[in-house]
Amino acid sequence: MSVTRLKPVDVVVIGVGWTGAIAARELTRAGLSVVGLERGPLRTPGEDFVLPGIRDELRYAIRQELFQDSSVETVTMRHARGEAALPMRRFGAFTPGTGTGGAGSHWNGMHWRYLPYDLNPRRHITQRYGKGAIPAEMTIGDFGIEWDEIEPYYDRFEKLCGVSGKAGNIGGRVIAGGNPFEGARTSEFPNPPLVRTAAGDIFAAASEKLGYKPFPLPASNSSRAYTNAEGATLGACAYCGHCERFGCEVNAKASPNTTLFPALLADQRFSLRTNSYVRDLVFDRHAKRVTAVRYVDTRSGEVFEQEAGLVILGGYVFTNTLLMLTSGIGTPYDPATGHGAVGRNYCYQTGAGVQVFFKDGAFNPFMGAGALGTNIDEFNGDNFDHAGLGFFGGSTIGVTSGGGRPIQHRPVPPGTPRWGSAWKQATAQWYNRSFGIGASGANYAHRENYLDLDPTYRDALGHPLLRMTYNFRENDQRLAAHSAEQLTRIAKAMDATIVSEPALRRGNFHVVPYQSTHNTGGTIMGSDPRGSVVNRHLQSWDAHNLFILGASVFPQNTSYNPTGTVGALAYWATDAIIHQYLKGPGALVAA
Amino acid sequence: MAGGREADATGGVKRRELLSAAFVATATGALPPVAARAAAGPSAPPAETGPAARPQAFLTLSPAEAEFLTAAVDTLIPADALSPSASDLGVVVFIDRQLAGAWGGGARLYRSGPFVKGKPEHGYQLPLTPREYFAAGIAAVDLWARTGFGRPLAALDQPTREAALHRLERGEADLGELSPRDFFEALLAITIEGFLADPIYGGNRDKAGWKMVGYPGLPATYANAVVRAKGQPFHPAPKSIEDFL
């Protein structure tokens, strides 16, 4: 196949979602020439995300307009080594994005910081519960970053996005109304919280009655007009209830497209190439460098090789891991021996939900925002004593009023038939009189949960698909059951007419029902090159001019939505590139 | 996201509800009852099409498929005081357009082999596009109905048709290579989509599905209402995408 070699540039960024856009913006601002390679199309909010068509539940939520096209590339799944993996022929459990903005176009906007505990759980658990407390098969690790190091980057990303919320801890001073468990912040949220819904009021009252401290979920749904440091203006949220799976028509939901692209696309040093599907990275093992990136123009089939001094791998979790494997960079993880790093510690999330019904309720579920929620964190992280519980980690528990789009949102009481006049009657009766409370739970790494190349299935260009070997383990099942107990207790404190039995993620992982697009791991960060792919600056141990950004570097997954930490780490890593790496290219941490 | 959205619990059918549902369905058959129109109130315009209207031309459905789907969707969503029947709301037209379009042809569906029967947790694993799958499913159900009940689904009386769909739902039917449960789920899913998707797709005529649910549709700009109508019923007349053109 003929390959067209392109004029070298300073930096190639693979994927132009949150991390790629942040890196591109920071590096062009530092004076470098940057090419952004994006497998999907250009998405322009003012043209693509407009009324009335953007409010089309069938097109966006059901037929998956903004998601990665699974006919081109998907992943395969099996529950255990020794089984044959089969492809996810349609995305269901999770919904990766494509196009400029990536999944940051169609996310809900739940913009969390991790708990300080979440950054270094292995160290914390060992200190609190003893050396043997973590089971051998639970291969959790530490980010190796301290709270005070990462906090300024959380702050910066929140201000980019105009996050709406209420601080619970500024400079060590605990503030009523915020999350009392959060790490100390340097400043209040850039915008005040969104308007709390009637469901939020009921959840808050019930949890306060039980002694908990509810707080508004930090939302990248701007509660008022806001202009960030890039000069981009966000509109005020219209509470339209169309965040997740949709683009935002008023630009209130922070996305790379709204917060960064206006400045980035205006910069002559940045060049965006859409429909550019990266095949592999050209790796010079002896020089410990990536010399170029090969990609295919998906419209013409033409293959290009783009030479670059620095390569930023900023794709989704699956893309980052896949490209490391197909490019032969680093040692693939082998669960039989525990050796190797690429593909290790793939994690997802656990969860539980309870539906409550109030005969005289009026919740107007269609008025909402993706991150309009009220939460408690008493059962999150290590905020509660885990001695004797048989699991580590926890859940953030709350109610979210994300919207009432009726194809997907049709709560009916337990025992209702699924069709016929009785179903119609129950749907009409309860649609406006019910809401769900949910627990989003951590998923800790397990020796047998990992990613590698599928030996059988291929993408549209003939390259191997990524194979997921994954199942919920004992820690996950116990954590979900514990969270479900808390949900039920809170629900019963609400004086609801009907409280459903908790729906838990238990049994085998199932690829069809949506759970969360919070996949993590595969190219994890760590202090030991034998068990990690990147160092604490997100620099590859094997190629010093390669930095990997995104949730693929998380050593395990917490209960929270990952984007806040993904963005903070992108700023953290690009700061290291600009202030350390460019001054003396080489390994920033001695192997 | 929080897991509450997934919590719609289902379970055994309450006998009383089933009996009342069967009674309504039997009493009205496949025709939209006068009662349903009357119950919709004086503000509701007359149904755009009814059994007396011109025959519907289809893009891809054969006459037999259209008859099957009309019978099936009207069993799943029968006419009653809450809404006209699914077919009177255009749900068969919706299905026809969906199957004739990109989705029906397999857009966004990974279609490389080998095709292996997996666990239920692997989801759909057949080599068929949605169009081909519905063709195969309809043919298989009709063959099973002929064998067990002596006639195709559309020719069964309403109680027998309900019983047949319950058996499919519970997996108590021999559809050869196809899983009766999976086909039932596909049929129910596309019926509900047709009932509740924006009317621009041909179903949910006169926004009757949205009216039944209490969903206001567009433009969905609630910055004021989220404060003003907090905790109070809020029922503006629903609007569709086409109402904004």
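Key figures for this structure:
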| item | result |
| --- | --- |
| Boolean, residue A:387 is touching a helix residue (DSSP H, G or I) at 6+ places or on another chain (Cβ under 9 Å), assigned by TED's automatic domain parsing to the domain that holds residue A:481 and more than 23 Å from residue B:207 (Cα to Cα) | yes |
| Residue satisfying condition, being away from chain A (no Cβ under 11 Å), in contact with a Pro (Cβ under 7 Å, 6 or more places away or on another chain) and surrounded by fewer than 19 Cβ atoms within 10 Å (Cβ to Cβ), within set B:176, B:171 | B:171 |
| Members of region A:378-397 found to be part of a loop (DSSP other than H, G, I, E, B), touching a residue at least 12 places away in the same chain (Cβ under 8 Å) and either within 9 Å of chain B (Cβ to nearest Cβ) or over 25 Å from residue A:434 (Cβ atoms) (or both), listed by number | A:380, A:381, A:382, A:383, A:386, A:387, A:389, A:390, A:391, A:392, A:393, A:394 |
| Region A:28-57, residues that are of a type in the set (D, E, K, R) and either part of a helix (DSSP H, G or I) or buried (at least 23 other Cβ atoms within 10 Å of the Cβ) (or both) | A:29, A:38, A:39, A:43, A:47, A:48, A:55, A:57 |
| Subset tally (residues that are farther than 19 Å from residue B:199 by Cα and either within 9 Å of chain B (Cβ to nearest Cβ) or of a type outside the set (Phe, Trp, Tyr) (or both)) for region A:43-71 | 12 |
| Failed condition for residue A:435, given (1) part of a loop (DSSP other than H, G, I, E, B); (2) within 11 Å of chain B (Cβ to nearest Cβ); (3) touching a Ser or Thr at 6+ places or on another chain (Cβ under 8 Å) | (1) |
| Test: residue in region B:79-87 that is buried (at least 24 other Cβ atoms within 10 Å of the Cβ) and in a helix (DSSP H, G or I) | yes |
| Contacts under 6 angstrom Cβ, first residue in region A:334-352 being closer than 12 Å to residue A:449 by Cβ and charged (D, E, K, R), partner at pLDDT 95 or above and buried (at least 24 other Cβ atoms within 10 Å of the Cβ), 6 or more apart | A:344/A:333; A:344/A:450 |
| Selected residue [within 8 Å of chain A (Cβ to nearest Cβ) and free of Cβ contacts under 8 Å to residues at least 24 places away in the same chain] from B:201, B:222 | B:222 |
| Selected residue (criterion: farthest from the other protein chains (Cβ to nearest Cβ)) from residues of region A:505-535 that are within 25 Å of residue A:576 (Cβ to Cβ) and without any contact (Cβ under 8 Å) to a residue 40 or more places away in the chain | A:528 |
| Among (1) assigned to a loop (DSSP other than H, G, I, E, B); (2) closer than 22 Å to residue A:121 by Cα, the one test that residue A:521 misses | (1) |
| Residue under evaluation residue A:98, criteria (1) surrounded by 18 or more Cβ atoms within 10 Å (Cβ to Cβ); (2) in contact with a Lys or Arg (Cβ under 7 Å, 6 or more places away or on another chain); (3) more than 14 Å from chain B (Cβ to nearest Cβ); (4) among the polar types (S, T, N, Q), criterion not met | (3) |
| Set A:178, A:211, A:183: member being assigned to a loop (DSSP other than H, G, I, E, B) and touching a helix residue (DSSP H, G or I) at 6+ places or on another chain (Cβ under 6 Å) | A:183 |
| Unmet criterion (only one of (1) within 13 Å of chain B (Cβ to nearest Cβ); (2) part of a helix (DSSP H, G or I)) for residue A:485 | (1) |
| Residue within region A:41-53 that is under 17 Å from residue A:266 (Cβ atoms), out of contact with any Pro (no Cβ under 7 Å at 6 or more places or on another chain) and hydrophobic (A, V, I, L, M, F, W, C) present | yes |
| Residue count, region A:73-88 (criterion: in a loop (DSSP other than H, G, I, E, B), within 8 Å of chain B (Cβ to nearest Cβ) and either of a type in the set (A, V, I, L, M) or over 11 Å from residue A:457 (Cα atoms) (or both)) | 3 |
| Matching residues in region A:417-432 - criterion: being more than 7 Å from chain B (Cβ to nearest Cβ) and assigned to a loop (DSSP other than H, G, I, E, B) | none |
| Of residues in region A:503-512 being assigned to a loop (DSSP other than H, G, I, E, B) and at pLDDT below 95, the one surrounded by the most Cβ atoms within 10 Å (Cβ to Cβ) | A:505 |
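For (1) surrounded by fewer than 24 Cβ atoms within 10 Å (Cβ to Cβ); (2) assigned by TED's automatic domain parsing to the domain that holds residue A:142; (3) modelled with pLDDT of 95 or more; (4) among the charged types (D, E, K, R), each residue gets a yes or a no:
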position	(1), (2), (3), (4)
A:321	no, no, yes, no
A:326	yes, no, yes, no
A:333	no, no, yes, no
A:356	no, yes, yes, no
A:360	yes, yes, yes, yes
A:365	no, yes, yes, no
A:377	no, yes, yes, yes
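The values are calculated or read from the model by the stated rules, or taken from the named source; none is laboratory data. Bear in mind the structure is a predicted one, so any value in this text is a computation, not a measurement. All Cβ positions, glycine included, derive from the backbone under ideal geometry; neighbour counts span all protein chains shown.
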